[in-house]
Each structure stands twice: as structure tokens, then as C-alpha cells.
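Following: one structure in C-alpha cells, then a few remarks.
The values are calculated or read from the model by the stated rules, or taken from the named source; none is laboratory data. What you see is a predicted model; the values in this text were computed from it and never measured. A quick note on method: Cβ atoms are made from the backbone with ideal geometry, for glycine too, and the neighbour counts reach across all protein chains shown.
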Amino acid sequence: MAKSSAVAAKGGNRMMRELPLYLLVLPAVVIVGIYSYGAMVGIVIAFQKFIPTKGLFGSEWIGFGNFKTLLALPNFGGVIRNTILISVFKIIGGIIVPVSFALLLNEIGNKFFKRILQTMVYLPNFMSWVILSGIFIDILSPSNGIVGKFISFLGFKAPFFIGDPKWFPAAMIFTDIWKGFGFGSVIYLAALTSIDPTLYESAVMDGANRLKQTIHITLPGITSTIILMSVLSMANILNGGFEQIFNMYSPSVYPTGDILDTLVYRLGIQQTKYAVSTAAGLIKSGVSLVFILASYKMADIFAGYRIF
């Protein structure tokens, strides 16, 4: 009895000691609760013939009618295809390019030049797509952009990367990788520091050059990190990048550039089809949840990563 009382007293003292920390995090918890969990009440709109004047509980209940309407849209299949295609290539490029850059950066011996280069490639990650989209639209212009002028100088016809449905997905993938590869390489640079330096010393004594050291020591040393990041990226399979595409696309590239998020925006904001857009968002959330659970399970199997 005395022992349990001592444990309880110890727990109470710890609670009082950490109370300022709990109070510090309380506003963030309240905001998440209101905007992330409280807003989930609106899911019922997906099953209603929603009329704003009648509200959530006064609108007519129609079951899965909105989902049938959504699936019957002539462009819905194309939107899903575009979303998956763009997302998959972004994920693949978002793994290969940062890993390659981290390996190259790791070979630079001049610390001053290395820090300058790191700063330069990290900077775009902190810039909004609102800014970058205007920059890329100018750069990729077939008539006035530097890329278009260079292609014309080589004797070829410059394509309209942002306005041509054939080139638009590639432009989105390339620009997204360019924006994020510098920041993404931070994880792999951190993983490189965990490799035992004596392995390289032994390899040098055995006559291994830098390429062989990279193949037989560096890459195996960060393989678990690469697998982990690849598996966790599965959760973003339906996130084609709304902010990027919304600021750069136009009706002319809808056949190959329209993704699920932009479709939801047009249905809900522009066409005021709130119920159908909510149904689309609910489908995306459900599929994303499945991928998240699967990705964490695979991360545990292949990389030994567990949340708790």
C-alpha cells in the first residue's frame, strides 16, 4: 500500500513538473482537434443531397448516390490515372535524385564549397509554388523562356511544356523533383554519417577505388534508409501535388494534368457541388489510409521501422 502511494506521489510530482510543457502544446492540440478531427463531421455531406441552407442535419440522405455520380463522370478514370502516374514518378524521382546528390555531395572535400552548394539546393524547398510557378512559366515559355530559346538555338522547335498535354506531366514531375531534392538529401546525408569510417580504410588497403567503395560500402550502408523512405512514400500515392499543379495548369492540359485534388477543387469551389466533391475527398482519404497502414507494415518488415 505504501509502495503504491509512493508511486502515485512520484507520478503526481512528474505531472506537475511537466505541466508547463503540456500547457505549451495545448494550443496546437486544440487547433488539430478543431480543424482535423472536428471537421470530420462534414463527411456526412458525401451521403446527402447537400443544400447549404438546410445544413448538415437538414439535407436529404441519399446514401451512395454522390459516389455513383462521381464514378459516372467521363473524366474520373483519367483523373485517377493522372494522379497515380504523376505521383509514382514523383516518388521514384524523389528517391533516386536525392540519393545520387547525397552521394556526390559526400565526395566533396572542400567544406566551404560544400556548405554553399547545400544552401543553394535547399533554398527552393522553402519557396511557395505560387512564386515558383510564375518563375517556371516564364522559364519554360516556348517564345520568351530561356529553355525555349536554347532549344530553338539548337535548331529544334521548342515545345510548350506548360500548355501541351503531352509535356505537362513531365514538367510537373521535373519541377517537383527540382524543388525538393536538396532538402530530401538531408536524410541520406545523415545516414551516410552513420557508416563506420574503418570500412573505407579497409577498402582502401584492399585497393578499392571510390566507385567500388560506393557500390560495396556506401550504398549497402544506406539501403535500409532508402527502403524506409520508399515504403513510407506509398502513403502519398494519391497526392499529385495540388498547389503545384493548380498554379501551373490550364483547361488545355486537363486530359493529362488534372488530378484528384484539382477535380475536388473545381467540383466543390467552382461548381458548388459540395456533396460530390466531399465524396471524392472521402475516397481519396480512404485509399490513402489503406496505403499508410500498408506502408508502415512494409517499413516494419523491410526496414525494421516501428512507431511504437
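Residue-by-condition table, conditions (1) surrounded by 13 or more Cβ atoms within 10 Å (Cβ to Cβ); (2) over 30 Å from ILE215 (Cβ atoms); (3) modelled with pLDDT of 85 or more:
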residue	(1), (2), (3)
LEU105	yes, no, yes
GLY109	no, no, no
LYS114	yes, no, no
VAL121	yes, no, yes
ASN125	yes, no, yes
LEU132	yes, yes, yes
PHE136	yes, yes, yes
PRO142	yes, yes, no
VAL147	yes, yes, yes
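Would you confirm, using the coordinates I've provided, whether THR53 is among the β-branched types (Val, Ile, Thr) and loosely packed, with under 10 Cβ neighbours inside 10 Å?
When the stated conditions are applied, THR53 passes them.
I'd like the full set of residues that are within 16 Å of GLY268 (Cβ to Cβ) and basic (Lys, Arg), limited to the stretch 30-56.
LYS49
Going by what's in this entry, would THR175 be described as out of contact with any Phe, Trp or Tyr (no Cβ under 9 Å at 6 or more places or on another chain) and either among the β-branched types (Val, Ile, Thr) or over 23 Å from VAL147 (Cβ atoms) (or both)?
Against the criterion (out of contact with any Phe, Trp or Tyr (no Cβ under 9 Å at 6 or more places or on another chain) and either among the β-branched types (Val, Ile, Thr) or over 23 Å from VAL147 (Cβ atoms) (or both)), THR175 does not qualify.
Does the stretch 214-259 hold any residues that are within 23 Å of TRP178 (Cβ to Cβ) and either of a type in the set (A, V, I, L, M) or outside the structural domain of GLU107 (by TED's automatic domain parsing) (or both), and which are they?
ILE222, ILE226, MET229, LEU232, MET234, ALA235, ILE237, LEU238, ILE245, MET248, VAL253, ILE259
Tell me which residues, restricted to the stretch 24-57, are in contact with a strand residue (DSSP E or B) (Cβ under 9 Å, 6 or more places away or on another chain) and not in a helix (DSSP H, G or I).
Hits for the stretch 24-57 are GLN48, LYS49, PHE50, ILE51, LYS54, LEU56.
With the condition kept exactly as written, say whether any residue in the stretch 177-193 is among the β-branched types (Val, Ile, Thr) and in contact with a Gly (Cβ under 6 Å, 6 or more places away or on another chain).
Taking every residue of the stretch 177-193 in turn, at least one turns out to be among the β-branched types (Val, Ile, Thr) and in contact with a Gly (Cβ under 6 Å, 6 or more places away or on another chain).
Which fully enclosed helices (runs of 4 or more DSSP H) of the stretch 72-147 have 2 or more residues being within 25 Å of the chain's Cα centre (by Cα) and farther than 19 Å from TYR188 by Cα?
So the answer is 76-106, 129-139.
Output the residue which, of all residues in the stretch 58-98 that are among the small types (Gly, Ala, Ser) and touching a strand residue (DSSP E or B) at 6+ places or on another chain (Cβ under 8 Å), is modelled with the lowest pLDDT.
Going through the qualifying residues, I end up with SER59.
Which pairs turn up if I take residues in the stretch 255-281 that are under 17 Å from ALA72 (Cα atoms) and look for partners that are among the charged types (D, E, K, R) and part of a helix (DSSP H, G or I) with beta carbon separation below 8 Å, at least 6 apart in sequence or on another chain?
LEU260/LYS284; VAL264/LYS284
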